[in-house]
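The values are calculated or read from the model by the stated rules, or taken from the named source; none is laboratory data. Every value quoted in this text rests on a predicted model; they were computed, and no experiment measured them. Please note: Cβ atoms are built from the backbone with ideal geometry, for glycine as well, and neighbour counts cover all protein chains shown.
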Amino acid sequence: MLNWTLAALLVLLQVPDILTTNAILAAGGRELNPVMRLCMRLSSAWRLSWLPWWMPKMAVAMGGAWILGSSQDTDARIALALLALAYLAVVGSNLVQLQRLRARARRRAA
């Protein structure tokens, strides 16, 4: 049961990551993850408006969460916990970056 809870947390943490990344991009920031940056480029270059950049990210997260969540191995539980912690750190970092970008924009406007 703990594995499935951690798997769900991992998938749910994708949402604030996506939302904060979109806010950073809208504020003039950039994507630092090269894989996601490639997804963004391909999505716009191929004019795949029906396939937003975050869909491959969500698909990989859901697939990985499913594989790890269905395992009863202790290593899977540890991996899920570490991934969830990593995504908490990513969301926290995104929030800090967003705050910096907004503060910079306010200073320029003043």
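Please determine, by comparing only the residues of segment 53-89 that are surrounded by 16 or more Cβ atoms within 10 Å (Cβ to Cβ) and farther than 19 Å from residue 5 by Cβ, which one is modelled with the lowest pLDDT.
53
Based on what the data block shows, is residue 23 out of contact with any strand residue (DSSP E or B) (no Cβ under 7 Å at 6 or more places or on another chain) and surrounded by 12 or more Cβ atoms within 10 Å (Cβ to Cβ)?
So residue 23 passes the test.
Is it fair to say residue 43 is in contact with a Pro (Cβ under 7 Å, 6 or more places away or on another chain) and surrounded by 13 or more Cβ atoms within 10 Å (Cβ to Cβ)? Reasoning before the result, please.
Values: in contact with a Pro (Cβ under 7 Å, 6 or more places away or on another chain): yes; surrounded by 13 or more Cβ atoms within 10 Å (Cβ to Cβ): yes.
Answer is yes for this residue.
Quick one: which residue in 10, 51 is assigned to a helix (DSSP H, G or I), farther than 26 Å from residue 105 by Cα and not basic (Lys, Arg)?
Going through 10, 51 in turn, just one is assigned to a helix (DSSP H, G or I), farther than 26 Å from residue 105 by Cα and not basic (Lys, Arg): 10.
From the residues in segment 26-39 that are of a type outside the set (Gly, Ala, Ser) and more than 13 Å from the chain's Cα centre (by Cα), which one is nearest to residue 58 (Cα to Cα)?
Ranking the candidates gives 38 first.
The rows are residues; the columns are (1) touching a Pro at 6+ places or on another chain (Cβ under 7 Å); (2) touching a residue at least 12 places away in the same chain (Cβ under 8 Å); (3) under 25 Å from residue 80 (Cα atoms).
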residue: 1; (1), (2), (3): no, no, yes
residue: 8; (1), (2), (3): no, yes, yes
residue: 11; (1), (2), (3): no, yes, yes
residue: 14; (1), (2), (3): no, yes, yes
residue: 20; (1), (2), (3): no, yes, yes
residue: 27; (1), (2), (3): no, yes, no
residue: 30; (1), (2), (3): no, no, no
residue: 34; (1), (2), (3): no, no, yes
residue: 39; (1), (2), (3): yes, yes, yes
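List every residue pair whose Cβ atoms lie under 8 Å apart, where the two residues are 6 or more positions apart in sequence or sit on different chains, the first residue falls within segment 55-67 and is within 19 Å of residue 22 (Cα to Cα), and the second residue, located anywhere, is of a type in the set (A, V, I, L, M).
57/18; 57/36; 58/11; 58/18; 61/10; 61/11
Out of 30, 37, 106, I need the residue that is loosely packed, with under 13 Cβ neighbours inside 10 Å, part of a helix (DSSP H, G or I) and either in contact with a strand residue (DSSP E or B) (Cβ under 7 Å, 6 or more places away or on another chain) or basic (Lys, Arg) (or both). Which one?
106
Criterion first (more than 30 Å from residue 2 (Cα to Cα), assigned to a helix (DSSP H, G or I) and either among the hydroxyl-bearing types (Ser, Thr, Tyr) or out of contact with any Ser or Thr (no Cβ under 6 Å at 6 or more places or on another chain) (or both)) does residue 93 satisfy it?
When the stated conditions are applied, residue 93 does not pass them.
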